[in-house]
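Visitor: I'd like to ask some things about the structure below.
The values are calculated or read from the model by the stated rules, or taken from the named source; none is laboratory data. This is a predicted model, so every value here is computed, not measured. Here Cβ is always computed from backbone atoms with ideal geometry, including for glycine, and neighbour counts include all displayed protein chains.
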Amino acid sequence: MNSVTKTLCLWLLLAIQVNAETSGSLEITGSYFPKSLDQSFNTNITAEAKVMGYEDLSDFQLVYEFIFRKSLNDSGMDIVEPRQFFLSKTFGEIDAYLGYRHTFWGVVESRNLVDLINQHDMAAGISSDNRLGAPSISFEAYLGSGDFQYWYIPRFRERTFNEKNAHPGFGLPVLPAQFAHTRGSKAPDHAIRYGNSIGEIDYAVSVFDGTAREPLIRVEEMGSILPYYEQMRSVGLELQYTGDSILYKFEGLTGTQGEEDFDAAVMGTEKTVYSIFATQWDMGLIIEYQYDDRVQALIDRTLVSGIRLTANDEFDTSLLVLYTVDDEFSQSLFGLEASRRLRNGMTLDLNYLLYMSDEQNLPFNSLIDDSELSFTLGYYF
């Protein structure tokens, strides 16, 4: 983001503080990379501030979320931008939105195939859920018990990448992206989604036509990385059955990307065991299967298993452990997320990622360098 845009963000933020309802957070993250290569740093400290809120105007509501992030060792992580900054207005059963906006589509735990509106902020980390705001015009209509959405995104946002020796990084410089569409990043996207429920089953159907969010990564002869974004047309399906103590989930995506047809799906279940060992803790048992036959998929078939522990205490203590392995049990990923509220609006989060691979030519072998242990101390106001 250029200096003019940064200055505009700060000016807008100061201007809307007068009468707005505002909240925010400040987070300090310390990261250690135990398997870092010699040319990469093995520790990093990142500071991130968010300011969010809304203000009721005469005929509209203004909603905003600004993010400011600074990294000690990786300038690729530095960012100042409005993750959300939009005007909304209600017309009967229809809500209209104009500006930078976030949404989330999907039901499964391990990978949300149908979540195609917002670009991934890859510089924030492989395991990060951070998404870039989508400049858009969108509508939501409430049709009985169902919800219909339409999105028009006039400009594509590229995925963010770190510096060449950072984490996650390719070890090579990243060139400016290229696009299959002749209009490049100015090619518009269109998306629709309808969601509803039948008894215990929640479902949603979506259609996307535009630039694929995940680029093909090409290694150029000059020793650099070239992201290449293809055009994609797809149909997505979300299903979730909710029982007394069990969830069955499915996400499917089918369509055309570039010149090739593709199919991808994630399906699984989560069983909750309440009051384990006669305590107030609940335990969720998770198992999911992933399939993706697209070229950019690191692995086409994976099995994910995990445990979610919830303390149900005043500090919202929780723990999530996930283990991902390919269908030949030759490469795997172990992930752990733990969080707990502290006193006076503070939180403490622990994250651990460990990549493992039996052979050097497997995709996860190139990610071993990005195995990470991090602690985040947050303050919310």
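Visitor: Considering each of Thr310, Thr376 in turn, give the residue that is among the hydroxyl-bearing types (Ser, Thr, Tyr), touching an Asp or Glu at 6+ places or on another chain (Cβ under 6 Å) and within 21 Å of Ala124 (Cβ to Cβ).
Guide: Thr376
Visitor: Answer yes if at least one residue in the stretch 334-355 is in contact with a helix residue (DSSP H, G or I) (Cβ under 8 Å, 6 or more places away or on another chain) and polar (S, T, N, Q), and no otherwise.
Guide: No, because not a single residue in the stretch 334-355 is in contact with a helix residue (DSSP H, G or I) (Cβ under 8 Å, 6 or more places away or on another chain) and polar (S, T, N, Q).
Visitor: Next up: Does Asp316 satisfy the condition of being at positive phi, surrounded by fewer than 16 Cβ atoms within 10 Å (Cβ to Cβ) and of a type in the set (Asp, Glu)? It would help to see each step written out before you state the result.
Guide: On the way: at positive phi: yes; surrounded by fewer than 16 Cβ atoms within 10 Å (Cβ to Cβ): yes; of a type in the set (Asp, Glu): yes.
Here the answer is yes, as Asp316 does meet what is asked.
Visitor: I've got another one for you. Spot the failing condition for Arg157; the list is (1) without any contact (Cβ under 8 Å) to a residue 12 or more places away in the chain; (2) surrounded by 19 or more Cβ atoms within 10 Å (Cβ to Cβ); (3) basic (Lys, Arg), and only one is missed.
Guide: Only one criterion is unmet by Arg157, namely (1).
Visitor: Looking only at the stretch 308-322, decide whether some residue is closer than 29 Å to Met232 by Cα and out of contact with any Lys or Arg (no Cβ under 9 Å at 6 or more places or on another chain). Before the answer, list the steps.
Guide: We begin by selecting, within the stretch 308-322, every residue closer than 29 Å to Met232 by Cα; these are none.
Taking every residue of the stretch 308-322 in turn, none turns out to be closer than 29 Å to Met232 by Cα and out of contact with any Lys or Arg (no Cβ under 9 Å at 6 or more places or on another chain).
Visitor: Right, here's the next one. Report, by residue number, each residue of the stretch 180-209 that is part of a strand (DSSP E or B) and among the polar types (S, T, N, Q).
Guide: Once the filter is applied, which keeps residues that are part of a strand (DSSP E or B) and among the polar types (S, T, N, Q), the stretch 180-209 yields Asn196, Ser197, Ser206.
Visitor: Pairs needed: first member in the stretch 352-381, within 12 Å of His167 (Cα to Cα); second member anywhere, among the basic types (Lys, Arg); C-beta distance under 8 Å; at least 6 residues apart or different chains.
Guide: As it stands, the answer is Ile368/Lys35; Asp369/Lys35; Ser371/Lys35, since those pairs meet every condition given.
Visitor: Kindly indicate the residue of the stretch 224-268 that is farther than 24 Å from Val207 by Cα and surrounded by 16 or more Cβ atoms within 10 Å (Cβ to Cβ) and also modelled with the lowest pLDDT among those meeting that condition.
Guide: Result: Ile225.
Visitor: So Val295 clears everything in (1) hydrophobic (A, V, I, L, M, F, W, C); (2) surrounded by fewer than 16 Cβ atoms within 10 Å (Cβ to Cβ); (3) modelled with pLDDT of 95 or more except one condition, right? Which one?
Guide: (3)
Visitor: Just need a number here: residues in the stretch 77-97 that are in contact (Cβ under 8 Å) with a residue 40 or more places away in the chain, surrounded by fewer than 18 Cβ atoms within 10 Å (Cβ to Cβ), under 26 Å from the mean Cα position of the chain (by Cα) and outside any strand (DSSP E or B).
Guide: Number satisfying all stated conditions: 0.
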